[in-house]
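The structure appears right after this line, and notes come after that.
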Amino acid sequence: MKLGFIGAGEMGGAIIRGLLKTGLKKENIFASVRTPEKANLLADTLGIAVYTDNVRVITEADCLFLAVKPAQMPQVLAQIAGCNVCPKPLVSMALGWSVDKIAKVLPHWPIIRIMPNTPLALGEGVTLFHFATEVPQPMRIEVMKLFQNMGKTYEIPLAVFDVATAVSGSGPAFVYHFIDGLARAGQAQGLDSTTARELAIQTVIGAAKMAQHEEATPAQLAQKVATPGGCTAAGMEVLVTSDLKEVLREAVAATTRRAQEVANS
Ligand SMILES: NC(=O)c1ccc[n+]([C@@H]2O[C@H](COP(=O)([O-])OP(=O)(O)OC[C@H]3O[C@@H](n4cnc5c(N)ncnc54)[C@H](OP(=O)(O)O)[C@@H]3O)[C@@H](O)[C@H]2O)c1
């Protein structure tokens, strides 16, 4: 199956790198972007063909991926509609673009909406899926399989797609912010910046793996580390008093609201 990407920036590029890591042949992936300089740079770094002509990707791909910003979607969808090619699997990752909204421009196409996150470039991603009803089961399985090789996949109902997007699509940014904060806090108390950053990163990796493999809930795991009267408990007291969890609730709510605004714009 030839996979064609329209757009290969942060997210499209991460997916392409992830797919190449899973062993897909370079000849079977190609992309188009807007600017010739970026096309050349991407072709050099990814080792795939990168064009500045979307029509070539639209006509040659067996499965089409849309990895442009939401604002570019009307233009790109109109271009696809104008190409008069037979409908083929169309995988869109544009924030705010439901399968129904895309189907208004491309009525007979099997449309798959995804929300990936960038760690899939390293095989540790999360990809959310929502399928148009007419997408046949074998096609669903085939496309999901591509992403299962780069992390975990979840089929998510439309009603909670934006919330799930906030948690896993935007979540990496929140986690990077936490890592940065933890590292800077260590630095403020005297650690050098490299050591502080390495300790913070490895601690997040280790704690995430524990949370994944242990039966205890994250809250129970936190309790196990924070012995009453101990030093961790003193730090946890600060996090609880300043209500870090409430801050996260507000961050996820704001992200979800923004996703809905983009969808309604
Ligand atoms: N970044 C994330 O972590 C993330 C996570 C989940 C979902 N997404 C979704 O992924 C999509 C892409 O986001 P991004 O962060 O990857 O954006 P980005 O880094 O700005 O990349 C956009 C890409 O689209 C290309 N492009 C723009 N207009 C085009 C056109 N008319 N025809 C062909 N190519 C065009 C750009 O090429 P030039 O550079 O040459 O302009 C660039 O390669 C968005 O819809 C976003 O909602 C992103």
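The values are calculated or read from the model by the stated rules, or taken from the named source; none is laboratory data. Values in this document were obtained by computation on a predicted structure and should not be read as measured data. Ideal geometry is used to build each Cβ from the backbone, glycine not excepted, and the neighbour counts take in all protein chains shown.
Here are the numbers:
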read-out	value
Residues of segment 38-52 satisfying the condition of being hydrophobic (A, V, I, L, M, F, W, C) and more than 8 Å from the ligand (Cβ to nearest atom)	LEU41, ALA43, LEU46, ILE48, ALA49, VAL50
Test: residue in segment 74-87 that is in a helix (DSSP H, G or I), more than 8 Å from the ligand (Cβ to nearest atom), in the same structural domain as THR118 (by TED's automatic domain parsing) and within 25 Å of ILE141 (Cβ to Cβ)	yes
Selection count where residues are among the small types (Gly, Ala, Ser), within 22 Å of ALA8 (Cβ to Cβ) and part of a loop (DSSP other than H, G, I, E, B), scope segment 106-132	1
Count - residues of segment 88-105 that are outside any helix (DSSP H, G or I), within 16 Å of the ligand (Cβ to nearest atom) and over 18 Å from the mean Cα position of the chain (by Cα)	1
Filter pass, ALA185 being assigned to a helix (DSSP H, G or I) and either under 28 Å from GLY123 (Cα atoms) or out of contact with any helix residue (DSSP H, G or I) (no Cβ under 9 Å at 6 or more places or on another chain) (or both)	no
Unmet requirement for THR35, which otherwise passes all of (1) free of Cβ contacts under 8 Å to residues at least 40 places away in the same chain; (2) more than 8 Å from the ligand (Cβ to nearest atom)	(2)
Subset of segment 1-32 [near the ligand (Cβ under 7 Å from one of its atoms) and aromatic (Phe, Trp, Tyr)]	none
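For (1) surrounded by 11 or more Cβ atoms within 10 Å (Cβ to Cβ); (2) among the charged types (D, E, K, R); (3) not in a helix (DSSP H, G or I), each residue gets a yes or a no:
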| residue | (1), (2), (3) |
| --- | --- |
| ALA173 | yes, no, no |
| PHE178 | yes, no, no |
| ARG197 | yes, yes, no |
| ALA200 | yes, no, no |
| LYS209 | no, yes, no |
| THR232 | yes, no, no |
